[in-house]
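Visitor: Before we start, here is the structure in question, set down as structure tokens.
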Amino acid sequence: MTDAPLVRYEVRDGAAYLTIDSPHNRNAISQRLLTDLRAGIDRAGIDDTVRAVVLTHDGGTFCAGADLKEAAASGAGSDPKSRTLAMIDAMRGVIESPKPVIAQVNGHVRAGGFGLIGSCDFVFAGPESTFAVTETRIGVAPAMVSLVLLPHLPSRVASSLLLTGRKFDAIEAASHGLITAAVDDPEAAVADQLAELRLCSPQGLRETKQILWHDVLASFDERANALGDQSARLFGSPESVEGMTAFLQKRAPSWAEPAAAH
């Protein structure tokens, strides 16, 4: 395995660009990727030349959700809690960053990927983007990502998306408030947003972020540990092992088999 970071860091025109670069698993969330992401967010936070952060990706997938090979190994005997804690830490790092964080998406977002975009201040998604909260389809639940998903969603919409795991496009995502806008050119939309943020003072941005995210961070303090325990328990369960194995083997899980005729 290469030692190159899975999240590249580059500063351009007063913005820190964090590019998720893990093509071998469609930018899936591994502990190493989460560590690299948190390091990049922290680095941008103390860089006085950086006014905002852009979280983007290489390839046709922004984030495929959890690295199921890593998660399946955890279910086989290692402690899955460390992965859940790393996810919580990365999400909180994005939220608590003193710099606004903009997600530039033109690819697929699945499952845990919502924890990343849901923690950002702005999300612009292009025409190649698709979304699905797929945890229920592999025998787990969107436990940790619920911390940043549910504040954006009416309850009936949350039921429709989180219980079914169905796929939807950027236009629908924008209509539900999951993203800022569905756009033809995410790069241009991000450039326009950065231009607006350069008109704002660092102190003003920092203090306003604290106001905007206060209630979500309070929920982190109240619920993150219990949700992390739930996620770890589910990822180690026999049903999730069947779901992840079925996904990796490109077959239907046992519960999705056609019903026998009567």
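The values are calculated or read from the model by the stated rules, or taken from the named source; none is laboratory data. These numbers were taken from a predicted model, which means no experiment stands behind them. Note that we place each Cβ from the backbone using ideal geometry, even for glycine, and neighbour counts take in every protein chain shown. Heads up: the accessible areas ignore ligands, DNA and RNA and are worked out on the full protein's heavy atoms, side chains in. Shrake-Rupley method; radii C 1.70, N 1.55, O 1.52, S 1.80 Å.
Visitor: Can you give the angle from 0 to 90° between the axis of helix 202-212 and the longest principal axis of the chain, with both taken from C-alpha atoms, to the nearest 10?
Guide: Helix 202-212 sits at roughly 40 degrees to that axis.
Visitor: Within the chain, what percent of beta bridges assigned by DSSP are antiparallel, to the nearest 5?
Guide: 30
Visitor: In the chain, carbon and sulfur make up what percent of the accessible area (probe 1.4 Å)?
Guide: 54
Visitor: Could I ask something else about it? Ranked highest first by the average count of other Cβ atoms within 10 Å around their residues, in what order do 170-183, 241-254 fall?
Guide: Final packing ranking: 170-183, 241-254.
Visitor: Given Cα pairs under 8 Å that are at least 6 residues apart, what percent is the relative contact order of the chain?
Guide: Relative contact order comes out at 19 percent.
Visitor: Ordered by residue, what ³J(HN,Hα) values in Hz, to whole numbers, does region 152-160 give under the Karplus form 6.51 cos²θ - 1.76 cosθ + 1.60, where θ = phi - 60° and Gly and Pro are x?
Guide: 8, 10, x, 4, 5, 5, 4, 4, 4
Visitor: Could you list which residues have their amide H under 5 Å from that of Thr130, counting only those 5 or more apart in sequence or on another chain, with H placed in the peptide plane?
Guide: Those lying under 5 Å, H to H, from Thr130 are Gly107, His108, Val109.
Visitor: Another question, if that's okay. If you line up the long axis of helix 214-235 against the longest principal axis of the chain, both from Cα atoms, how many degrees apart are they, to the nearest 10?
Guide: Roughly 30 degrees, rounded to the nearest 10.
Visitor: Whose amide H sits under 5 Å from the amide H of Thr56, counting only residues 5 or more places off or on another chain, with H placed in the peptide plane?
Guide: Leu18, Thr19, Ile20, Gln104
Visitor: So which trypsin sites (Lys or Arg not before Pro) in region 189-231 pass both tests, a DSSP loop state and at most 14 other Cβ atoms within 10 Å of the Cβ?
Guide: Counting only loop positions with at most 14 other Cβ atoms within 10 Å, the trypsin sites (Lys or Arg not before Pro) in region 189-231 are Arg198.
Visitor: In degrees between 0 and 90, to the nearest 10, how far off the longest principal axis of the chain does helix 81-96 point, with axes built from Cα atoms?
Guide: The helix 81-96 is inclined about 30 degrees to the chain.
Visitor: Moving on. By its C-alpha gyration tensor, with a ≥ b ≥ c as the square roots of the eigenvalues, how is region 7-184 shaped: rounded for a/c under 1.5, else prolate for a/b larger than b/c, else oblate?
Guide: Note, shape of region 7-184 comes out oblate.
Visitor: Hey, another quick one. Which lysines have a Cα less than 21 Å from the Cα of Lys99, not counting those fewer than 8 places away in the same chain?
Guide: Lys209
Visitor: Calculated from DSSP H runs of 4 or more alone, at -39500 (n - 2.57) each and per residue, what is the 222 nm mean residue ellipticity of the chain, nearest 500?
Guide: Value at 222 nm, helices only, nearest 500: -13500 deg cm²/dmol.
Visitor: Checking the cross-link filter: which lysines have an alpha carbon closer than 30 Å to that of Lys69, excluding same-chain neighbours under 8 positions apart?
Guide: Lys81, Lys167, Lys250
Visitor: Then there is this: When the Karplus curve 6.51 cos²θ - 1.76 cosθ + 1.60 is applied with θ = phi - 60°, which whole-Hz ³J(HN,Hα) does each residue of region 17-34 get, with x for Gly and Pro?
Guide: Working through the residues one at a time gives 9, 10, 10, 5, 9, 10, x, 5, 10, 6, 6, 5, 7, 10, 4, 5, 5, 5 Hz.
Visitor: Hey, another quick one. Scan around Ala28 for amide H atoms under 5 Å from its own, H built in the peptide plane at 1.01 Å from N, and keep only partners 5 or more places away or cross-chain.
Guide: It is Ala64, by chain and number.
Visitor: Using mean Cβ contacts within 10 Å as the protection proxy, how do 228-236, 27-35, 7-15 order, highest first?
Guide: In decreasing order of mean packing, 228-236, 27-35, 7-15 become 27-35, 228-236, 7-15.
Visitor: OK, next. Which whole-Hz couplings ³J(HN,Hα) result when phi for each residue of region 129-137 is put into the Karplus expression 6.51 cos²θ - 1.76 cosθ + 1.60, θ = phi - 60°, listed in order with x for Gly and Pro?
Guide: 7, 9, 9, 6, 9, 9, 4, 4, 7
Visitor: For region 201-262 and region 108-166, write down the distance between their C-alpha centroids in whole Å.
Guide: Result: 9 Å between the Cα centres.
Visitor: GNM on the chain, C-alpha springs below 10 Å: top fluctuator among Ala44, Ala16, Ala158?
Guide: Ala158
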